[in-house]
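Notes to accompany the following structure.
Derivation of every value follows stated rules applied to the coordinates shown; laboratory data play no part. It should be emphasised that the depicted structure is a prediction, and the values quoted were computed from it without experimental measurement. Heads up, the Cβs are rebuilt from the backbone with ideal geometry, glycines too, and the neighbour counts pull from every protein chain shown.
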Amino acid sequence: MKSILSAAAIAAATLSLTLTISVPARAENYTYCADVEQVRVIKDDGNHPNAYDDGYREGTQSAQNGDEYEPRSVGGEFARGFEEGYYGRPYAGQQNVVPTRQERYTNHQCRTYHYSTDENFNHVASRIVGEINRDFCYSVEKVRVIKDDGNHPNAYDDGYREGTRSAQNGDEYEPRSAGGEFARGFEDGYYGRPSAGQQNVVPNRSETYSEQRCPTTFGVREELRRDWNNRHNSH
């Protein structure tokens, strides 16, 4: 009886050991690369829009610190402001300005993302795609032209040309809904009147807006799936 109990205990222990042993989870990596458009700010160190103010403030501080006067190597408005601030002369303000400008360039970037082989694949794929968008999406400033449809600078000419063509096509006359100079030009053109030219102009204006750009993540899930299957099959 004792030997039977011992055998049962050994079997139970073996079963318990078998159930608790599993393939250990492994940390894996996925690397994604993309070209990212970036912006660098370029300014003239001596003559950017705040150069005199910056120099004047720095010169005043330098004098208060008891530093020996040294002309600033950047020159321009910064150096002039520094000298006047150092010697306590009245604030004269900026005279020459070189506007700060932006320069766009493309930078090839890579990021490595980590996951564990015991995670759910769909969860891993969604998380990595989200992290790629977080890391690689960027904003681009663009300019759109906004014009008054009835009174932009070429409205009368555009309307006159369209009205002439409409009459030649034998279309029935219909006043243009855009109104303004366009409608007046359309009517004159339709009825064959001499071109009278634009009288009222609403200038076109520009509006700056930001556009979000993100890398193409199409194919990321497929690549992850292939890696996932290869690594699972190799265990």
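In the calculated pair-distance distribution of the range 102-193, the portion above 16 angstrom amounts to 70 percent of the Cα-Cα pairs.
Using the Cβ-Cβ distance between residue 157 and residue 218 with R0 = 41 Å, the FRET efficiency computed as 1/(1 + (r/R0)^6) comes to roughly 0.35.
Karplus-based coupling profile of the range 164-179, in residue order and whole Hz: 4, 5, 5, 5, 5, 7, x, 6, 6, 5, 9, x, 7, 5, 5, x, with θ = phi - 60° in 6.51 cos²θ - 1.76 cosθ + 1.60 and x standing for Gly or Pro. Summarising the amide proton neighbourhood of residue 36: residues at separation of 5 or more, or on other chains, whose placed amide H is nearer than 5 Å comprise 107, 108, 109. Residues whose amide H comes within less than 5 Å of that of residue 198, counting only those at least five positions distant or on another chain, are absent (H built at 1.01 Å from N in the peptide plane). The length gained by stretching the chain between residue 147 and residue 127 to full extension, at 0.36 nm per residue less their Cα-Cα distance, is 2.8 nm. Model label sites at residue 193 and residue 39, defined 7 Å from Cα along the beta-carbon direction, differ in position by 4.7 nm. Spacing of the modelled spin labels on residue 67 and residue 103, each 7 Å from Cα toward Cβ, amounts to 2.8 nm. Remark: the range 34-50, residue by residue, has Karplus-estimated 3J(HN,Hα) of 7, 7, 10, 7, 10, 10, 10, 8, 10, 9, 6, 4, x, 9, 5, x, 10 Hz, where x stands for each Gly or Pro and the curve is 6.51 cos²θ - 1.76 cosθ + 1.60 at θ = phi - 60°. Residues of the range 149-171 with backbone nitrogen within less than 13 Å of a virtual label 7 Å along the Cα-to-Cβ line of residue 200, please, listed as ranges. The answer is 149-152, 156, whose backbone nitrogens lie closer than 13 Å to the label point. Where does the charge balance sit around residue 64 when Lys and Arg score +1, Asp and Glu -1, over other residues with C-beta under 13 Å from its C-beta? Result for the local shell: -1.
Largest first and in whole Å, give the semi-axes of the chain's equivalent ellipsoid, each being the square root of 5 times a Cα gyration tensor eigenvalue. Spell out each step's value before the answer.
Values: eigenvalues 880, 417, 33 Å².
In descending order the semi-axes read 66, 46, 13 Å.
Around the amide H of residue 28, modelled in the peptide plane, lie the amide H atoms of 115, 116, 117, all under 5 Å away and 5 or more residues distant in sequence or on another chain.
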